[in-house]
Structures are given as C-alpha cells and as structure tokens.
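A short write-up of the structure that comes next.
The values are calculated or read from the model by the stated rules, or taken from the named source; none is laboratory data. From a predicted model like this one, the values you see are computed outputs, not experimental measurements. Here the Cβ positions follow ideal geometry from the backbone for every residue, glycine too, while neighbour counts run over all protein chains shown.
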Amino acid sequence: MSEIDEDTQMELARLRAENEALKAKQSGQLRLQVSQKGAVSLYGIRRFPITFYAEEWETVLSMANEVQAFIKEHESELKRR
C-alpha cells in the first residue's frame, strides 16, 4: 500500500470513529430549539420533535404535579418503553 493510501485509510478510520461518537452522543440526549414558526421544539424523546408554543408549554408545565400524580395512580395500566 502506498503512503497516500495508508494516510487515506487512517483518515477514513478516524472520521468513522468520530461519526460514531457523535451519533452515540446525540442518541437519548434532549435538546430544545425554536421552530421556524416561533414555537419551542423538544427533540430526543421520539422520532419527531414535540412542539408547542410558549404558552402551551407553560400550561403543560404548570400541570407537572397533576401529571405525576396521574401516572402514579394509573401505574398498573401504563406501559413503559
């Protein structure tokens, strides 16, 4: 193998490893982003983002205690992934 081929192979291996590290880092990681329409999108829970406008998020977040109590009350009926 020539030196160019060897260098190319080494660079390709480095890029593949870097790509895999980036994929592993992103999977399961939650992040927020402002959508094109000015809403807040939450990425990392499902395949597609969960998007609400700010006042909708505020409404949902204000119900956090109720949601947690509901989940606890209905634990036997709920499925987890």
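Worth a mention:
- Scanning segment 49-81 for residues that are under 28 Å from Ser35 (Cα atoms) and either among the polar types (S, T, N, Q) or touching a residue at least 40 places away in the same chain (Cβ under 8 Å) (or both) yields a count of 5.
- Hits in segment 41-81 - residues which are of a type in the set (Val, Ile, Thr) and either loosely packed, with under 11 Cβ neighbours inside 10 Å or in a helix (DSSP H, G or I) (or both): Ile45, Thr59, Val60, Val67, Ile71
- A Cβ distance below 6 Å, combined with a sequence gap of six or more or placement on separate chains, defines the contacts here; from segment 4-31, residues that are farther than 30 Å from Thr51 by Cβ reach no residue that is at pLDDT below 85 and assigned to a strand (DSSP E or B).
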